[in-house]
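The values are calculated or read from the model by the stated rules, or taken from the named source; none is laboratory data. Just so we're clear, the structure is a prediction, and the values are computed from it rather than from any experiment. Cβ placement follows ideal geometry from the backbone for every residue including glycine, while neighbour counts extend to all protein chains displayed.
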Amino acid sequence: MIKFSEDQLMIMDLAREIAEENIKPLASKYDQEEKFPWESVKQLQELGFMGMMVEEEYDGTGLDTICYALAMEEISKACASTGVTMSVNNSLYAYPVQKYGTAEQKEEFLRPIVSKKIGAFALSESDAGSDPASMRTTALKNKDGYVINGSKMWITNGGVADNFIVFAKTDSQKGHKGISAFIMNKDDKGLKIGAEEKKLGIKASSTTPLSFDECLIPENRLLGDLGEGFKIAMNTLNGGRIGIASQAIGIGQAAIESAKKYMVERHAFGGPIAKFQGLQFMMADSVMEIEAAKALTLKAASMKDRGERFVKEAAMAKLYSSEAAVRAADRSLQIHGGAGYSKDFPVERYWRDAKITAIYEGTSEILRVVIARETLGRY
């Protein structure tokens, strides 16, 4: 069992307070209007939650992954859309810029992301989701820099981001070893940000396609070494899975609390429905699974903080947490009966929001492959 430090407990308490008092009351409104939660995000920026693991040298709070996981859980419990916005900024944008960026890149593209700007991660394409090596976006070198052509899909924060990490093929003959990563500005000529996607859940988050038409960027926008893009993407996603696992745990916790409240207040057959053993068993399963998910997630986070290899642990945490959240939300909706199917209760939002956690940043099927390969090794 992990014993939290004073800093970790303080961050968890602060995140819970902000989530309960300021984010949760707005979540339903943002969801129904499909409106980006600017008010919530700006508050997170002011408090340093959008750059939690960024070094203090670059205006970040320099906290560990456990602090990040605990904060992500609390924020996502209140609003999953705000949670994923925070997750992408921290895990998928700030992390790779900090780890692979030059001093000049960190100054220009990392420092502002903590409190002023928003970042995004552009890897997926229409025919290259779980198989990024098959991407078609290209970046060809010329005397002025790199010319990028192609398109990306399902980019979280796409419509609100100031900067993007974009992956493109710089050598189509080398497969995944021919992929490189670049940092782009939203106003780069030739970059077009598409319309917001209409989604089942996390409706308040921004999700758009991107297209590149002869988009010229200077050579100094290359992130890491040439041909290192696939490694950067995979390493980034490993850490990102801890964030999404925490998001799923938060959604699961919200579903459990909603079901508990309803079971105590709703009366039928002469008393509260909480007395019915069938519903008690549903509650017990949800609580047990979400607690197990949290243990897996904190284990992965602590391994990352210690500098240990955590590929399998992050995959297990994300896989189990996401599927546990889906089950917890489904049980909660069932406990609510017809009321849960209406928008009078937040449980229908939890049910819709939970599902995406089993899809993005590694589908459940892909994660099972990762876990099996990490376990079996080469054979």
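Couple of notes before you dig in:
- Some residue of segment 291-313 being in the same structural domain as Lys260 (by TED's automatic domain parsing), more than 22 Å from the chain's Cα centre (by Cα), more than 23 Å from Leu63 (Cβ to Cβ) and surrounded by fewer than 16 Cβ atoms within 10 Å (Cβ to Cβ): no
- Scanning segment 39-48 for residues that are touching a residue at least 40 places away in the same chain (Cβ under 8 Å) and not small (Gly, Ala, Ser) yields Val41, Leu44, Gln45, Glu46.
- Only a single criterion out of (1) closer than 30 Å to Glu57 by Cβ; (2) surrounded by fewer than 20 Cβ atoms within 10 Å (Cβ to Cβ) is not satisfied by Gly119, namely (2).
- Selection count where residues are within 26 Å of Gln105 (Cα to Cα) and among the hydroxyl-bearing types (Ser, Thr, Tyr), scope segment 33-60: 1
- Scanning segment 165-184 for residues that are free of Cβ contacts under 8 Å to residues at least 24 places away in the same chain and either touching a strand residue (DSSP E or B) at 6+ places or on another chain (Cβ under 6 Å) or not assigned by TED's automatic domain parsing to the domain that holds Leu216 (or both) yields nothing.
- Any pair with Cβ under 7 angstrom, 6 or more apart, that starts in segment 59-81 at a residue that is among the polar types (S, T, N, Q) and ends at one that is surrounded by fewer than 24 Cβ atoms within 10 Å (Cβ to Cβ) and assigned to a helix (DSSP H, G or I): Thr65/Lys304; Thr65/Asp305; Ser81/Tyr30
- Hey, Thr85 under 28 Å from Ala254 (Cβ atoms) and in a loop (DSSP other than H, G, I, E, B) or not: no
- Looking only at segment 1-56, and only at residues there that are in a helix (DSSP H, G or I) and among the polar types (S, T, N, Q), the one that is surrounded by the most Cβ atoms within 10 Å (Cβ to Cβ): Ser40
- Residue in segment 347-370 that is over 19 Å from Gly83 (Cβ atoms), outside the structural domain of Lys203 (by TED's automatic domain parsing) and over 24 Å from the mean Cα position of the chain (by Cα) present: no
- Among the residues examined, Glu374 does not qualify as surrounded by 18 or more Cβ atoms within 10 Å (Cβ to Cβ), out of contact with any Asp or Glu (no Cβ under 6 Å at 6 or more places or on another chain) and either of a type in the set (D, E, K, R) or assigned by TED's automatic domain parsing to the domain that holds Leu123 (or both).
- Gly145 being at positive phi and touching a residue at least 60 places away in the same chain (Cβ under 8 Å): yes
- Whichever residue in segment 238-257 is out of contact with any Asp or Glu (no Cβ under 6 Å at 6 or more places or on another chain) and either among the hydrophobic types (A, V, I, L, M, F, W, C) or within 24 Å of Glu104 (Cβ to Cβ) (or both) and, among such residues, is surrounded by the most Cβ atoms within 10 Å (Cβ to Cβ): Ala248
- Test: residue in segment 249-258 that is among the hydrophobic types (A, V, I, L, M, F, W, C) and free of Cβ contacts under 8 Å to residues at least 60 places away in the same chain: no
- Some residue of segment 347-358 being at positive phi and surrounded by fewer than 20 Cβ atoms within 10 Å (Cβ to Cβ): no
- The set of residues in segment 123-139 being in a loop (DSSP other than H, G, I, E, B) and hydrophobic (A, V, I, L, M, F, W, C) consists of Leu123, Met135.
For (1) assigned to a strand (DSSP E or B); (2) in contact with a helix residue (DSSP H, G or I) (Cβ under 7 Å, 6 or more places away or on another chain), each residue gets a yes or a no:
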{"residue": "Glu107", "(1), (2)": "no, no"}
{"residue": "Ser115", "(1), (2)": "no, yes"}
{"residue": "Phe121", "(1), (2)": "yes, yes"}
{"residue": "Gly159", "(1), (2)": "no, no"}
{"residue": "Val166", "(1), (2)": "yes, no"}
{"residue": "Glu196", "(1), (2)": "no, no"}
{"residue": "Lys203", "(1), (2)": "no, yes"}
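- Unique match (being at pLDDT 95 or above and either crowded, with 16+ Cβ neighbours inside 10 Å or over 19 Å from Ala122 (Cβ atoms) (or both)) among Glu196, Glu214: Glu196
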